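Enquirer: Dumping the structure here so I can ask a few things about it.
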Amino acid sequence: MTFKVIALDLDGTLLTPQKKILPESLLALQNARKSGAKVVIVTGRHHVAIHPFYQALELDTPAICCNGVLLYDYIGKRVLTSDPLLPDQATQLVTLLDTHNIHGLMYADDAMFYSEVTGHITRTETWARTLPEHQRPVFKHVDSLGVTARDVDKIWKFALTDSDIDKLKNFTQVVEREIGLTCEWSWHDQVDIAQTGNSKGKRLTQWVESLGLSMKDVIAFGDNFNDVSMLQSAGLGVAMGNASDEVKACANVVIGTNTESSIAEVLNQYFEQVPA
């Protein structure tokens, strides 16, 4: 079967635990592009946090960010289409966060906002400091997420982390029941909350169809629950070996972990080697 689009999740999939792209993956993706395939990043990250990877891959495609909330034109530095949270929804969510003593990171406009430092924020900022300044994601500490939510233009999503997983699970039920927003797990201790109807699979389908193609033309790689929608809809859904059993069950193929050259091995099966 001939595939024309390669859709890649980042964390836990294309990236190693050290946030690096394996050389084998880079070479295989370069070859696939020479063969005519389009490579697209499909991530839960904010568009300001994909710079080093987008540039390393030398892409010219838009990026699907925040679990499908927006399609971002990296070259033109503009949002092409999006379905953000409504201001009232964000305000209600912040109130619930305060009530349940859960800390959230708000993805909005061109930055990520927080009022309380968490391990997730500390780790990400530490990683960011290893990058050239022009590639660093933008974090902003604010006194109140509620006030900031009323001041920003667009709110893409909230990322919630807590060491108490049961507490997070219970909180997602409250959010879904009281506000009607979508809650997706993007890491073992992180839940992302966004406007209902958004998903990686839905936004990827829209973009693929805009090219005159269908999801049958897509190979999609992912590792977590926020990847399931694209794994299930792609012509070939590929789950990483480090994914949970529930995610693996939603894929057509399960490969090695994100520390192995398994992505390259799959791509080399479907794309002939093109001379340099």
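Enquirer: crowded, with 18+ Cβ neighbours inside 10 Å, part of a helix (DSSP H, G or I), in contact (Cβ under 8 Å) with a residue 40 or more places away in the chain and polar (S, T, N, Q): is that true of Asn198 in this structure?
Expert: On the way: crowded, with 18+ Cβ neighbours inside 10 Å: yes; part of a helix (DSSP H, G or I): no; in contact (Cβ under 8 Å) with a residue 40 or more places away in the chain: yes; polar (S, T, N, Q): yes.
So Asn198 fails the test.
Enquirer: Still on this structure: How many residues are crowded, with 16+ Cβ neighbours inside 10 Å and either farther than 16 Å from Asn67 by Cβ or touching an Asp or Glu at 6+ places or on another chain (Cβ under 6 Å) (or both) when one looks only at the range 159-182? I'd like the intermediate steps shown before the answer.
Expert: At the first step, the residues of the range 159-182 found to be crowded, with 16+ Cβ neighbours inside 10 Å are 159-162, 168, 171-172, 175, 179, 181-182.
With the extra rule that they be either farther than 16 Å from Asn67 by Cβ or touching an Asp or Glu at 6+ places or on another chain (Cβ under 6 Å) (or both), the set shrinks to 159, 161-162, 168, 171, 179.
Number of matching residues: 6.
Enquirer: Residues of the range 246-276 being among the hydrophobic types (A, V, I, L, M, F, W, C), free of Cβ contacts under 8 Å to residues at least 60 places away in the same chain and either surrounded by 14 or more Cβ atoms within 10 Å (Cβ to Cβ) or in contact with a strand residue (DSSP E or B) (Cβ under 8 Å, 6 or more places away or on another chain) (or both), which ones? I'd like the intermediate steps shown before the answer.
Expert: Taking the range 246-276 and keeping what is among the hydrophobic types (A, V, I, L, M, F, W, C), we get 247, 249-251, 253-255, 263-264, 266-267, 271, 274, 276.
Those still in the list that are free of Cβ contacts under 8 Å to residues at least 60 places away in the same chain too: 247, 249-251, 253-255, 266, 276.
Result: Val247, Cys250, Ala251, Val253, Val254, Ile255, Val266.
Enquirer: Right, next: Taking the conditions exactly as written (under 19 Å from Leu70 (Cα atoms) and under 15 Å from the mean Cα position of the chain (by Cα)), does Gly197 satisfy them or not? Talk me through it step by step, then tell me what you get.
Expert: Details: under 19 Å from Leu70 (Cα atoms): yes; under 15 Å from the mean Cα position of the chain (by Cα): no.
No.
Enquirer: Right, here's the next one. Name the residues in the range 85-120 that are under 18 Å from Val48 (Cα atoms) and touching a helix residue (DSSP H, G or I) at 6+ places or on another chain (Cβ under 7 Å), would you?
Expert: Gly104, Leu105, Met106, Tyr107, Asp110, Ala111, Phe113, Tyr114
Enquirer: Taking the conditions exactly as written (of a type outside the set (Val, Ile, Thr) and under 18 Å from the mean Cα position of the chain (by Cα)), does Met215 satisfy them or not?
Expert: Values: of a type outside the set (Val, Ile, Thr): yes; under 18 Å from the mean Cα position of the chain (by Cα): no.
No: the conditions fail for Met215.
Enquirer: Going residue by residue through the range 126-142, is there one that turns out to be assigned to a helix (DSSP H, G or I), in contact with a strand residue (DSSP E or B) (Cβ under 7 Å, 6 or more places away or on another chain) and among the hydrophobic types (A, V, I, L, M, F, W, C)? Spell out how you get there, then give the answer.
Expert: Our first condition is that a residue be assigned to a helix (DSSP H, G or I); within the range 126-142, this holds for 126-128, 133-135.
Now narrow it down to the ones that are in contact with a strand residue (DSSP E or B) (Cβ under 7 Å, 6 or more places away or on another chain): none.
No, the range 126-142 contains no residue that is assigned to a helix (DSSP H, G or I), in contact with a strand residue (DSSP E or B) (Cβ under 7 Å, 6 or more places away or on another chain) and among the hydrophobic types (A, V, I, L, M, F, W, C).
Residues checked against (1) assigned to a strand (DSSP E or B); (2) hydrophobic (A, V, I, L, M, F, W, C):
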residue: Phe3; (1), (2): no, yes
residue: Gln30; (1), (2): no, no
residue: Val39; (1), (2): yes, yes
residue: Asp60; (1), (2): no, no
residue: Ile64; (1), (2): yes, yes
residue: Tyr72; (1), (2): yes, no
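Enquirer: Hey, any hits in the range 71-78 for a residue that's among the aromatic types (Phe, Trp, Tyr), touching a helix residue (DSSP H, G or I) at 6+ places or on another chain (Cβ under 8 Å), over 25 Å from Lys202 (Cβ atoms) and touching a residue at least 24 places away in the same chain (Cβ under 8 Å)?
Expert: The first filter runs over the range 71-78 and keeps only residues among the aromatic types (Phe, Trp, Tyr), leaving 72, 74.
Next, only the ones that are touching a helix residue (DSSP H, G or I) at 6+ places or on another chain (Cβ under 8 Å) stay: 72, 74.
Next, only the ones that are over 25 Å from Lys202 (Cβ atoms) stay: none.
Scanning the range 71-78 turns up no residue that is among the aromatic types (Phe, Trp, Tyr), touching a helix residue (DSSP H, G or I) at 6+ places or on another chain (Cβ under 8 Å), over 25 Å from Lys202 (Cβ atoms) and touching a residue at least 24 places away in the same chain (Cβ under 8 Å).
Enquirer: Quick one: how many residues across the range 202-223 are of a type outside the set (A, V, I, L, M, F, W, C) and surrounded by 24 or more Cβ atoms within 10 Å (Cβ to Cβ)?
Expert: Qualifying residue count for the region: 3.
Enquirer: Ok, one more. Return the only residue of Ala239, Ala243 being closer than 16 Å to Leu14 by Cα and without any contact (Cβ under 8 Å) to a residue 60 or more places away in the chain. Steps first, answer last, please.
Expert: Details: Ala243 fails: without any contact (Cβ under 8 Å) to a residue 60 or more places away in the chain.
Answer to the check: Ala239.
Enquirer: Against the condition in the same structural domain as Tyr72 (by the TED database), on the phi > 0 side of the Ramachandran plot and not aliphatic (A, V, I, L, M), how does Gly212 come out, does it pass?
Expert: Judged against the criteria, Gly212 is a match.
Enquirer: Condition test on Asp60, is it surrounded by fewer than 18 Cβ atoms within 10 Å (Cβ to Cβ) and outside the structural domain of Lys167 (by the TED database)? Working first, answer last.
Expert: Numbers: surrounded by fewer than 18 Cβ atoms within 10 Å (Cβ to Cβ): yes; outside the structural domain of Lys167 (by the TED database): yes.
Yes.
Enquirer: Hey, another quick one. For the range 7-28, give me the residue count where each residue is within 15 Å of the chain's Cα centre (by Cα) and outside any loop (DSSP other than H, G, I, E, B).
Expert: 4
The values are calculated or read from the model by the stated rules, or taken from the named source; none is laboratory data. Note that this is a predicted model, so its numbers are computed, not measured. Neighbour counts are summed over all protein chains in view; Cβ atoms, including those assigned to glycine, are modelled from backbone coordinates with ideal geometry.
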